[in-house]
Amino acid sequence: MADQPGLTVRFEQVGKAVVVTPQGEIAYSEAPQFRQWLRKAQDAKPERIVVDLTGIEYMNTPGVATLVEALQMAKKNRYRLILAGLNTNVRSVFEVARLHTVFEIVETKDAALAS
Amino acid sequence: MTVSRPAGAETLVETRSPEVTLHMCSDPRFLAGARGLLSSVAEKAGLSATSCAQVALALDEALCNVIRHGYKRRTDAPIWIKLWLLPDSGRGPGMQIVIEDEAPHVEPEQIAGRDLCDIRPGGLGVHIIREVMDFAEYSKRQPVGMRLTLVKYDRPKAGPADPADKTLENPAARAGER
(Lines give C-alpha, C1' and ligand atoms only; values in the text may rest on other atoms or scores of the structure.)
Protein backbone atom coordinates (compact mmCIF):
# COMPACT_ATOMS: atom_id res chain seq x y z
CA MET A 1 0.00 0.00 0.00
CA ALA A 2 1.86 3.04 -1.26
CA ASP A 3 1.39 6.07 0.94
CA GLN A 4 -0.25 9.16 -0.55
CA PRO A 5 1.84 12.29 0.06
CA GLY A 6 -0.67 13.54 2.63
CA LEU A 7 -1.00 10.33 4.64
CA THR A 8 1.17 7.73 6.33
CA VAL A 9 -0.30 4.85 8.30
CA ARG A 10 1.17 2.71 11.08
CA PHE A 11 -0.35 -0.67 11.84
CA GLU A 12 0.30 -2.69 14.98
CA GLN A 13 -1.15 -5.69 16.80
CA VAL A 14 -1.60 -5.14 20.54
CA GLY A 15 -2.86 -8.35 22.12
CA LYS A 16 -6.18 -9.12 20.47
CA ALA A 17 -6.54 -5.59 19.19
CA VAL A 18 -5.25 -3.97 16.05
CA VAL A 19 -4.24 -0.32 16.24
CA VAL A 20 -4.30 1.71 13.02
CA THR A 21 -2.52 5.04 13.35
CA PRO A 22 -2.84 7.38 10.37
CA GLN A 23 -0.81 10.58 10.21
CA GLY A 24 -1.59 13.64 8.08
CA GLU A 25 -5.00 14.06 6.47
CA ILE A 26 -7.73 11.77 5.18
CA ALA A 27 -9.54 13.51 2.35
CA TYR A 28 -10.53 12.64 -1.22
CA SER A 29 -7.07 11.52 -2.36
CA GLU A 30 -6.11 9.64 0.79
CA ALA A 31 -9.38 7.83 1.51
CA PRO A 32 -8.77 4.85 -0.86
CA GLN A 33 -5.41 4.13 0.78
CA PHE A 34 -6.86 4.47 4.25
CA ARG A 35 -9.68 2.08 3.29
CA GLN A 36 -7.06 -0.53 2.36
CA TRP A 37 -5.40 -0.19 5.76
CA LEU A 38 -8.73 -0.64 7.50
CA ARG A 39 -9.39 -3.77 5.44
CA LYS A 40 -5.99 -5.10 6.44
CA ALA A 41 -6.97 -4.54 10.07
CA GLN A 42 -10.26 -6.38 9.49
CA ASP A 43 -8.41 -9.28 7.85
CA ALA A 44 -6.45 -9.80 11.09
CA LYS A 45 -9.78 -10.77 12.72
CA PRO A 46 -9.17 -8.80 15.91
CA GLU A 47 -11.52 -8.43 18.87
CA ARG A 48 -11.26 -4.69 18.41
CA ILE A 49 -9.81 -2.21 15.98
CA VAL A 50 -8.57 1.05 17.43
CA VAL A 51 -8.14 3.92 14.98
CA ASP A 52 -5.87 6.47 16.64
CA LEU A 53 -6.63 9.76 14.89
CA THR A 54 -4.33 11.87 17.06
CA GLY A 55 -2.12 12.59 14.06
CA ILE A 56 -4.94 13.49 11.69
CA GLU A 57 -5.11 17.22 11.16
CA TYR A 58 -7.95 17.17 8.64
CA MET A 59 -10.69 14.80 7.55
CA ASN A 60 -13.66 15.32 5.24
CA THR A 61 -16.54 13.10 4.21
CA PRO A 62 -14.56 10.71 1.97
CA GLY A 63 -12.49 9.93 5.07
CA VAL A 64 -15.55 9.62 7.26
CA ALA A 65 -17.12 7.28 4.72
CA THR A 66 -14.21 4.83 5.07
CA LEU A 67 -14.82 4.71 8.82
CA VAL A 68 -18.57 4.20 8.34
CA GLU A 69 -17.76 1.25 6.08
CA ALA A 70 -15.39 -0.13 8.71
CA LEU A 71 -18.06 0.30 11.37
CA GLN A 72 -20.56 -1.63 9.29
CA MET A 73 -18.03 -4.44 8.90
CA ALA A 74 -17.35 -4.39 12.64
CA LYS A 75 -21.04 -4.75 13.44
CA LYS A 76 -21.48 -7.49 10.87
CA ASN A 77 -18.49 -9.47 12.19
CA ARG A 78 -19.06 -8.60 15.85
CA TYR A 79 -15.90 -6.82 16.85
CA ARG A 80 -15.48 -3.31 18.18
CA LEU A 81 -14.26 -0.31 16.24
CA ILE A 82 -13.06 2.48 18.50
CA LEU A 83 -11.93 5.92 17.39
CA ALA A 84 -9.45 7.82 19.56
CA GLY A 85 -7.73 11.19 19.64
CA LEU A 86 -10.01 13.26 17.40
CA ASN A 87 -9.01 16.92 17.24
CA THR A 88 -11.68 19.63 17.35
CA ASN A 89 -12.07 19.94 13.59
CA VAL A 90 -12.26 16.21 12.96
CA ARG A 91 -14.73 15.76 15.80
CA SER A 92 -16.90 18.55 14.42
CA VAL A 93 -17.25 16.71 11.09
CA PHE A 94 -18.60 13.70 12.98
CA GLU A 95 -20.91 15.94 14.97
CA VAL A 96 -22.31 17.76 11.94
CA ALA A 97 -22.93 14.39 10.27
CA ARG A 98 -24.46 13.20 13.57
CA LEU A 99 -22.10 10.26 13.61
CA HIS A 100 -20.54 11.02 16.98
CA THR A 101 -23.30 9.04 18.67
CA VAL A 102 -22.91 6.11 16.29
CA PHE A 103 -19.19 5.55 16.76
CA GLU A 104 -17.44 4.59 19.95
CA ILE A 105 -15.16 7.60 20.49
CA VAL A 106 -12.63 7.98 23.30
CA GLU A 107 -9.94 10.48 24.13
CA THR A 108 -6.80 8.38 23.74
CA LYS A 109 -5.48 5.17 22.24
CA ASP A 110 -4.71 3.88 25.75
CA ALA A 111 -8.31 4.49 26.79
CA ALA A 112 -9.47 2.61 23.71
CA LEU A 113 -7.28 -0.37 24.53
CA ALA A 114 -8.34 -0.34 28.19
CA SER A 115 -12.08 0.04 27.65
CA MET B 1 -38.54 25.60 -2.22
CA THR B 2 -37.95 28.73 -0.18
CA VAL B 3 -34.55 30.33 -0.12
CA SER B 4 -33.69 33.37 1.93
CA ARG B 5 -30.67 35.27 0.73
CA PRO B 6 -28.57 37.36 3.04
CA ALA B 7 -29.13 41.04 2.32
CA GLY B 8 -26.89 42.19 -0.47
CA ALA B 9 -25.66 38.75 -1.39
CA GLU B 10 -27.83 38.52 -4.46
CA THR B 11 -26.52 41.59 -6.20
CA LEU B 12 -22.99 41.51 -4.91
CA VAL B 13 -21.72 39.24 -7.65
CA GLU B 14 -22.97 41.62 -10.30
CA THR B 15 -21.84 44.85 -8.73
CA ARG B 16 -18.14 44.32 -8.20
CA SER B 17 -15.32 42.00 -9.13
CA PRO B 18 -14.38 39.26 -6.72
CA GLU B 19 -11.44 39.82 -4.39
CA VAL B 20 -10.03 36.41 -5.27
CA THR B 21 -10.51 34.28 -8.38
CA LEU B 22 -9.03 30.81 -8.71
CA HIS B 23 -9.21 28.78 -11.91
CA MET B 24 -8.20 25.20 -11.24
CA CYS B 25 -8.57 21.87 -12.98
CA SER B 26 -10.54 19.03 -11.47
CA ASP B 27 -7.47 17.19 -10.20
CA PRO B 28 -7.76 16.07 -6.56
CA ARG B 29 -4.08 16.90 -6.01
CA PHE B 30 -5.01 20.57 -5.93
CA LEU B 31 -7.84 20.32 -3.40
CA ALA B 32 -5.59 20.92 -0.41
CA GLY B 33 -4.11 24.00 -2.06
CA ALA B 34 -7.53 25.50 -2.82
CA ARG B 35 -8.65 24.74 0.72
CA GLY B 36 -5.55 26.34 2.17
CA LEU B 37 -5.94 29.45 0.03
CA LEU B 38 -9.51 30.08 1.09
CA SER B 39 -8.77 29.34 4.70
CA SER B 40 -5.90 31.81 4.62
CA VAL B 41 -8.04 34.52 3.01
CA ALA B 42 -10.76 33.92 5.58
CA GLU B 43 -8.25 34.28 8.38
CA LYS B 44 -6.91 37.54 6.94
CA ALA B 45 -10.50 38.78 6.60
CA GLY B 46 -10.92 38.36 10.33
CA LEU B 47 -12.99 35.19 10.56
CA SER B 48 -12.40 33.04 13.63
CA ALA B 49 -10.39 29.83 13.46
CA THR B 50 -13.61 27.82 13.67
CA SER B 51 -15.23 29.75 10.81
CA CYS B 52 -12.07 29.43 8.70
CA ALA B 53 -12.09 25.67 9.21
CA GLN B 54 -15.78 25.54 8.27
CA VAL B 55 -15.24 27.57 5.10
CA ALA B 56 -12.36 25.28 4.11
CA LEU B 57 -14.42 22.16 4.82
CA ALA B 58 -17.42 23.41 2.82
CA LEU B 59 -15.21 24.31 -0.14
CA ASP B 60 -13.48 20.94 0.00
CA GLU B 61 -16.77 19.05 0.10
CA ALA B 62 -18.14 21.10 -2.78
CA LEU B 63 -15.05 20.52 -4.92
CA CYS B 64 -15.09 16.79 -4.13
CA ASN B 65 -18.69 16.67 -5.34
CA VAL B 66 -17.85 18.51 -8.56
CA ILE B 67 -14.98 16.12 -9.31
CA ARG B 68 -16.76 12.94 -8.26
CA HIS B 69 -20.34 13.51 -9.35
CA GLY B 70 -20.17 16.35 -11.84
CA TYR B 71 -17.07 15.38 -13.78
CA LYS B 72 -17.15 11.62 -12.96
CA ARG B 73 -13.55 11.83 -11.69
CA ARG B 74 -12.15 13.53 -14.79
CA THR B 75 -9.02 15.42 -13.78
CA ASP B 76 -8.75 17.92 -16.62
CA ALA B 77 -12.03 19.82 -16.42
CA PRO B 78 -12.30 23.44 -15.28
CA ILE B 79 -13.48 24.71 -11.91
CA TRP B 80 -13.71 28.40 -11.02
CA ILE B 81 -13.76 29.70 -7.47
CA LYS B 82 -14.63 33.36 -6.83
CA LEU B 83 -14.56 35.01 -3.46
CA TRP B 84 -16.00 38.28 -2.21
CA LEU B 85 -15.43 39.69 1.23
CA LEU B 86 -18.64 40.87 2.86
CA PRO B 87 -18.78 43.87 5.17
CA ASP B 88 -19.58 43.41 8.83
CA SER B 89 -23.33 43.78 9.10
CA GLY B 90 -23.57 42.91 12.77
CA ARG B 91 -22.49 39.32 12.32
CA GLY B 92 -18.79 39.92 11.98
CA PRO B 93 -16.87 39.70 8.72
CA GLY B 94 -18.24 37.45 6.02
CA MET B 95 -17.42 35.84 2.71
CA GLN B 96 -19.36 34.95 -0.38
CA ILE B 97 -17.93 32.11 -2.45
CA VAL B 98 -19.13 31.03 -5.87
CA ILE B 99 -17.96 27.71 -7.30
CA GLU B 100 -18.66 27.08 -10.99
CA ASP B 101 -18.03 24.14 -13.28
CA GLU B 102 -18.90 22.84 -16.71
CA ALA B 103 -20.45 19.59 -15.57
CA PRO B 104 -23.81 18.46 -16.96
CA HIS B 105 -26.84 20.24 -15.57
CA VAL B 106 -28.59 18.74 -12.57
CA GLU B 107 -31.89 20.00 -11.21
CA PRO B 108 -30.83 21.97 -8.10
CA GLU B 109 -33.64 20.52 -6.00
CA GLN B 110 -32.30 17.04 -6.69
CA ILE B 111 -28.95 17.82 -5.11
CA ALA B 112 -29.62 16.50 -1.64
CA GLY B 113 -27.84 14.97 1.28
CA ARG B 114 -29.00 11.65 2.61
CA ASP B 115 -31.20 11.17 5.64
CA LEU B 116 -28.77 11.29 8.56
CA CYS B 117 -30.67 8.52 10.31
CA ASP B 118 -29.61 6.22 7.49
CA ILE B 119 -26.11 5.26 8.61
CA ARG B 120 -24.07 4.42 5.55
CA PRO B 121 -21.11 5.81 3.64
CA GLY B 122 -21.67 8.68 1.24
CA GLY B 123 -24.25 11.40 0.80
CA LEU B 124 -22.86 13.57 3.58
CA GLY B 125 -21.11 16.32 1.65
CA VAL B 126 -24.14 18.46 0.82
CA HIS B 127 -25.45 18.11 4.34
CA ILE B 128 -22.16 19.32 5.78
CA ILE B 129 -21.98 22.26 3.36
CA ARG B 130 -25.46 23.42 4.38
CA GLU B 131 -24.79 22.86 8.03
CA VAL B 132 -21.55 24.83 8.33
CA MET B 133 -22.40 27.68 5.95
CA ASP B 134 -25.05 30.36 6.48
CA PHE B 135 -26.31 30.07 2.93
CA ALA B 136 -25.88 27.48 0.18
CA GLU B 137 -27.65 27.51 -3.16
CA TYR B 138 -27.14 25.41 -6.28
CA SER B 139 -28.14 26.82 -9.66
CA LYS B 140 -27.53 26.10 -13.31
CA ARG B 141 -24.92 28.02 -15.26
CA GLN B 142 -25.72 28.87 -18.86
CA PRO B 143 -25.15 27.33 -21.28
CA VAL B 144 -23.52 24.53 -19.30
CA GLY B 145 -22.36 23.72 -15.80
CA MET B 146 -23.48 24.22 -12.23
CA ARG B 147 -22.96 27.05 -9.78
CA LEU B 148 -22.84 26.82 -6.00
CA THR B 149 -23.15 30.07 -4.05
CA LEU B 150 -22.03 29.99 -0.43
CA VAL B 151 -22.12 32.67 2.26
CA LYS B 152 -20.46 32.52 5.63
CA TYR B 153 -20.50 35.12 8.38
CA ASP B 154 -18.31 34.82 11.41
CA ARG B 155 -21.20 34.84 13.86
CA PRO B 156 -24.55 33.10 13.62
CA LYS B 157 -27.65 35.17 13.12
CA ALA B 158 -29.13 36.38 16.39
CA GLY B 159 -32.51 35.08 17.47
CA PRO B 160 -34.26 31.85 16.67
CA ALA B 161 -32.90 29.85 13.80
CA ASP B 162 -34.59 30.60 10.49
CA PRO B 163 -35.30 27.28 8.85
CA ALA B 164 -35.68 29.03 5.52
CA ASP B 165 -31.94 29.59 5.51
CA LYS B 166 -31.29 25.94 4.79
CA THR B 167 -34.36 24.77 2.99
CA LEU B 168 -32.64 23.19 0.07
CA GLU B 169 -32.76 19.77 1.72
CA ASN B 170 -34.78 17.17 -0.09
CA PRO B 171 -33.97 13.84 1.57
CA ALA B 172 -36.28 11.98 -0.77
CA ALA B 173 -34.23 12.87 -3.80
CA ARG B 174 -31.69 10.12 -3.30
CA ALA B 175 -30.75 10.04 -6.95
CA GLY B 176 -29.02 13.33 -6.47
CA GLU B 177 -27.16 12.52 -3.27
CA ARG B 178 -23.78 14.07 -3.01
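The values are calculated or read from the model by the stated rules, or taken from the named source; none is laboratory data. All values reported here derive from a predicted model rather than from experimental measurement. Virtual Cβ from ideal backbone geometry, glycine too; neighbours counted across all protein chains shown. The area values use the complete protein model at the heavy-atom level, side chains included, leaving out ligands, DNA and RNA. Shrake-Rupley method; radii C 1.70, N 1.55, O 1.52, S 1.80 Å.
A compact table of results
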quantity	calculated
In sequence order, calculated HN-Hα J values of segment B:77-85 (Karplus, 6.51, -1.76, 1.60; Hz; x Gly/Pro)	9, x, 9, 10, 10, 10, 9, 10, 7
Cα-Cα over 26 Å, subset of B:Lys44/B:Lys72; A:Lys16/A:Lys76; B:Lys44/B:Lys140; A:Lys45/B:Lys72; A:Lys76/B:Lys72; A:Lys40/A:Lys75	B:Lys44/B:Lys72; B:Lys44/B:Lys140; A:Lys45/B:Lys72; A:Lys76/B:Lys72
Label-point gap, in nm, between B:Thr50 and A:Lys16 - each point 7 angstrom along Cα→Cβ	4.1 nm
For B:Gly145, distant residues with modelled amide H under 5 Å away	B:Ala103, B:His105
Most to least accessible of A:Lys40, A:Lys16 (protein chains only, probe 1.4 Å)	A:Lys16, A:Lys40
For B:Leu86, residues with placed amide H under 5 Å, excluding near neighbours	B:Gly94, B:Met95, B:Gln96
About the Cα centre, charge dipole magnitude for segment B:18-171 (Lys/Arg +1, Asp/Glu -1 at Cβ), debye	280 debye
Filtered GluC sites (Glu not before Pro), segment A:46-115: DSSP coil and at most 14 other beta carbons within 10 Å	A:Glu47, A:Glu107
Neighbouring partner chain Cβ atoms per residue of A:90-97, average, 10 Å criterion	4
Calculated FRET efficiency for the pair A:Arg39/A:Glu107, C-beta based, R₀ 35 Å, to 0.05	0.85
Residues of chain A: accessible area per residue with a 1.4 Å probe, Å²	47 Å²
Efficiency of FRET from Cβ geometry, B:Val144 and A:His100, R₀ 41 Å, rounded to 0.05	0.55
Heavy-atom accessible surface that B and A bury in contact, both chains counted, 1.4 Å, Å² to 100	1800 Å²
Accessible surface, per residue, of segment B:18-171 when the full set of protein chains is kept, probe 1.4 Å, Å²	42 Å²
